[in-house]
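See below for the structure under consideration.
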Amino acid sequence: MVKTYRAVQFTEYGGPEVLRVVEREVPRPGPGTVLVEVRAAGVNPLDWKLRSGAVAATMPVEFPAVPGGDVAGVVRDVGEGVSDFVAGDEVFGSIGAGGYAEFVVAPAAQLARKPASVSWEIAAGLPVAVNTAYQALDDLGVKAGETLVVDGAAGGVGSVAVQIARHLGATVIGTASARNHAYLRSLGAEPVLYGEGLAERIRAIAPHGADAAFDTAGKGSLPALVEVTGGPERVVTIADHRAEEHGVRFVFAGAGALRERLERASALAENGELTLSVARTYTLSEAADAHRESEGGHVRGKLVIVPG
Ligand SMILES: NC(=O)c1ccc[n+]([C@@H]2O[C@H](COP(=O)([O-])OP(=O)(O)OC[C@H]3O[C@@H](n4cnc5c(N)ncnc54)[C@H](OP(=O)(O)O)[C@@H]3O)[C@@H](O)[C@H]2O)c1
């Protein structure tokens, strides 16, 4: 077993340049945790919001910090009281932080078995998106036969929400820029452009409006979504902090139902009913570039870091 490993670390808030590759000592997993050899780590917008200090008031970072809430990898050691995994198990999960590294100690309860037929990159991109999409669709109570609008449907959370809603039997209208419309059709959604005139474009497809709407983008679409659903009751957002002004619920997905949601997603992925576009992969030393690309706000699916 190796003694040291490489990790992407930052010791102060700042731009992508604060991310540095450092050598750390491989830790022993404590009670309830496992040591995972990371094969791939998904990049989430929260990673750069934590790094920049943008969310420091509510989610302060303890330095030195290693970004990366989403991982897929192989269990190498298990801590006291862990009975659900053994060394050698292939897992994926949403672990809060630490994923941009060759090894990470992760809470066992926040991991599930990786679907065997799914690549490391896709498995690493799924956890936060899956947990958040299920939370939002559960809160909205989306049912078969209903029409759901997913705003930001080409992104990580949006593209997963589209596929889960289709699996539930809903008709889905998804917003994206024109370059992503064929992609949305491939996921089973009817595409429309976001921005000015959104409500009219949705009504052109669904003359009686939509039953529910999920804003994943947080770019000002809530008034249009409230209009097409006939009120704020069945509209949720995960990214618009002005939700309350519009009477809309802000959804935050905690870890309570995580394992069960990862298992549901695994089953869908194994059946070919859930997939993810991996827009690009990066090495650990390219993590700053991955953050720049994510901050640009136009990733199709996911960016993924592969420690190599
Ligand atoms: N509350 C929670 O629990 C929670 C959980 C996860 C994520 N989040 C937040 O939710 C947001 C989305 O996360 P994500 O991982 O899905 O992000 P992401 O993958 O980076 O989203 C990128 C997508 O946003 C689309 N987009 C850009 N501008 C848009 C606009 N004006 N209207 C609609 N879509 C637009 C882009 O489509 P085009 O390229 O076609 O423009 C792109 O596909 C982030 O702010 C994240 O921090 C919150």
*Counting only residues that are assigned to a strand (DSSP E or B) and within 15 Å of the ligand (Cβ to nearest atom), which one in region 149-188 is surrounded by the fewest Cβ atoms within 10 Å (Cβ to Cβ)?*
I173
*Taking region 104-148 on its own, how many of its residues are part of a helix (DSSP H, G or I) and of a type in the set (A, V, I, L, M)?*
12
*Breaking point among (1) away from the ligand (no atom under 16 Å from the Cβ); (2) within 20 Å of V278 (Cα to Cα), for G42*: (1)
_Of all residues in region 208-227 being of a type outside the set (G, A, S) and under 18 Å from the mean Cα position of the chain (by Cα), the one that is nearest to L140 (Cα to Cα)_ = F214
*Does region 24-34 include one or more residues that are assigned to a strand (DSSP E or B), under 23 Å from the mean Cα position of the chain (by Cα) and buried (at least 24 other Cβ atoms within 10 Å of the Cβ)?*
yes
_Just the residues that are within 15 Å of E37 (Cα to Cα), free of Cβ contacts under 8 Å to residues at least 60 places away in the same chain and not hydrophobic (A, V, I, L, M, F, W, C), please, taken from region 78-96._
G79, G88, D89, E90
*Selection count where residues are in a strand (DSSP E or B), within 18 Å of R264 (Cα to Cα) and not small (G, A, S), scope region 70-103*: 5
*If you go through region 48-69 one residue at a time, do you hit one that is closer than 30 Å to A116 by Cβ, in the same structural domain as S294 (by TED's automatic domain parsing) and either touching a His at 6+ places or on another chain (Cβ under 6 Å) or not in a loop (DSSP other than H, G, I, E, B) (or both)?*
no
*Assuming L225 fulfils every condition listed in (1) touching an Asp or Glu at 6+ places or on another chain (Cβ under 8 Å); (2) away from the ligand (no atom under 13 Å from the Cβ) apart from one, which condition is it?*
(2)
*asked:* Please determine whether any residue of region 7-14 is touching a residue at least 60 places away in the same chain (Cβ under 8 Å) and among the acidic types (D, E).
replied: no
*G195, sole failed condition from (1) small (G, A, S); (2) more than 9 Å from the ligand (Cβ to nearest atom); (3) farther than 19 Å from E233 by Cα*: (2)
*Find the residue count for region 1-17, including only residues that are more than 23 Å from the chain's Cα centre (by Cα) and surrounded by 16 or more Cβ atoms within 10 Å (Cβ to Cβ).*
2
*Conditions (1) buried (at least 24 other Cβ atoms within 10 Å of the Cβ); (2) touching a Leu at 6+ places or on another chain (Cβ under 9 Å); (3) assigned to a strand (DSSP E or B); (4) of a type outside the set (S, T, Y): number failed by V38*: (2)
*Kindly check whether there is at least one residue in region 186-198 that is without any contact (Cβ under 8 Å) to a residue 24 or more places away in the chain, within 25 Å of T275 (Cβ to Cβ) and of a type outside the set (A, V, I, L, M).*
yes
*Out of P45, P64, report the one residue that is over 25 Å from G296 (Cα atoms) and surrounded by fewer than 20 Cβ atoms within 10 Å (Cβ to Cβ).*
P64
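The values are calculated or read from the model by the stated rules, or taken from the named source; none is laboratory data. Since the structure is predicted, the reported quantities are computational estimates derived from the model, not experimental observations. Glycine also receives a Cβ, built like all others from the backbone with ideal geometry; neighbour counts cover every protein chain displayed.
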